[in-house]
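Asker: Below you will find the structure I want to go over with you.
The values are calculated or read from the model by the stated rules, or taken from the named source; none is laboratory data. Given the structure is predicted, the values throughout are model-derived calculations rather than measurements. Note: ideal-geometry Cβ built from the backbone for every residue, glycine included; neighbour counts use all protein chains shown.
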Amino acid sequence: MGNGKHHEAYVARKVTWIGLIVNVILSAFKLVAGIIGHSQAMVADGVHSISDLTTDVAVLIGIRYWSTPADEDHPYGHERIESLVTAFVGVALFIVGIGIAYNGIVTAFEPDIKSPELIALIAAFVSIVSKEWLYRWTVKMGREIDSSSVVANAWHHRSDALSSIPALLAVGLAMIHPKLAFFDHIGAVVVAIFIIKASIDIMKPVIMELSDKGAPQPQISQIDAIAMDVEGVKEVHSIRSRRCGSGYFVDLHVLVDGNMSVQRGHDIARTVKYQLLDKGPKVLDVIVHLEPYQTSSKKNST
């Protein structure tokens with residue numbers, strides 16, 4: 001468990017650092033290209049890329065804390081810090097989406113003084129390709145380690161790639177004819193809607209987690225099957241779970257022969273716990289409640 005946790009933190013840290021470096025380079029390139037190439041759309045897109053840096057930093061800070069083991073003040077560990085970071089990324093995406101939409105609407109018919117130049121078009125194309133690649137790689141790694149904050153940050157990379165599409169179209173059309181530049185603003189509003197939807201999709205599981213939503217039924221059935229497979233377990237019931245970060249805390253009632261010794265019952269409970277930690281669906285910790293299984297009392301009651 002410990003090695004797995006350290007590996008996940010290492011992967012999350014590595015992915016985020018690479019994303020941060022790419023964002024720094026892209027932000028600088030787009031800002032310079034926008035200024036030199038007389039493209040307001042590209043300058044705005046460069047500012048949007050800078051917003052990615054804040055989420056990269058937030059994830060890096062979060063990894064430092066949620067990967068640390070449980071302590072006296074946090075006996076259940078620090079996994080919920082990942083949820084808070086994910087929530088921050090979701091809120092940041094939502095704000096960026098609203099900002100892009102608002103800017104696209106209020107500037108839709110403002111005339112452009114100068115037509116953009118080729119360097120702005122190149123910057124938009126480089127941004128789309130590099131950020132889409134970064135999104136695909138980051139979301140793949142985030143899903144492999146089941147990290148909601150890394151996946152959320154991946155969507156921020158895609159939002160940057162999507163926001164560069166109207167910039168690319170705007171620069172291209174404006175280079176053909178300045179009067180066509182307003183299409184950029186329409187495209188920005190459409191892209192903003194997708195960004196807002198992505199932010200809501202990111203926030204939804206965080207809200208479910210913070211409201212102590214349990215594991216889905218297929219995972220509950222898997223937990224039941226693993227516990228029932230332990231020798232000496234007669235019955236399992238009252239399985240409860242709650243998600244925390246990338247895993248679940250589980251407690252359940254295990255029925256064993258009421259005539260066996262306390263030590264034997266304790267050994268069975270320990271086996272159930274470690275089987276679930278080893279084979280269970282992202283189980284972080286388990287509490288096993290022992291109960292006597294008495295067939296005679298059941299027969300008498302029927």
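Asker: Would it be correct to say that residue 285 is closer than 30 Å to residue 9 by Cα and touching a His at 6+ places or on another chain (Cβ under 8 Å)?
Answerer: no
Asker: Pull out all pairs, ordered by first then second residue, where Cβ-Cβ is under 9 Å, the residues are six or more apart or on different chains, the first lies in segment 87-109 and is over 15 Å from residue 190 (Cα atoms), and the second is surrounded by fewer than 16 Cβ atoms within 10 Å (Cβ to Cβ) and charged (D, E, K, R).
Answerer: That search, which allows pairs on different chains as well, returns 90/201; 90/204.
Table: residues versus (1) within 20 Å of residue 86 (Cβ to Cβ); (2) among the basic types (Lys, Arg).
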residue	(1), (2)
215	yes, no
221	no, no
232	no, no
240	no, yes
243	yes, yes
249	yes, no
281	yes, no
292	no, no
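Asker: Hey, can you tell me all the residues within segment 109-154 that are of a type in the set (Asp, Glu) and modelled with pLDDT of 75 or more?
Answerer: 117, 132, 144, 146
Asker: State all residues of segment 115-154 that are outside any helix (DSSP H, G or I) and either more than 15 Å from residue 12 (Cβ to Cβ) or hydrophobic (A, V, I, L, M, F, W, C) (or both); if no residue qualifies, say none.
Answerer: 115, 116, 117, 145
Asker: Exactly one of these conditions fails for residue 157: (1) at pLDDT below 80; (2) within 30 Å of residue 9 (Cβ to Cβ); (3) crowded, with 24+ Cβ neighbours inside 10 Å; (4) not small (Gly, Ala, Ser). Give me its number.
Answerer: Here residue 157 clears every test but (1).
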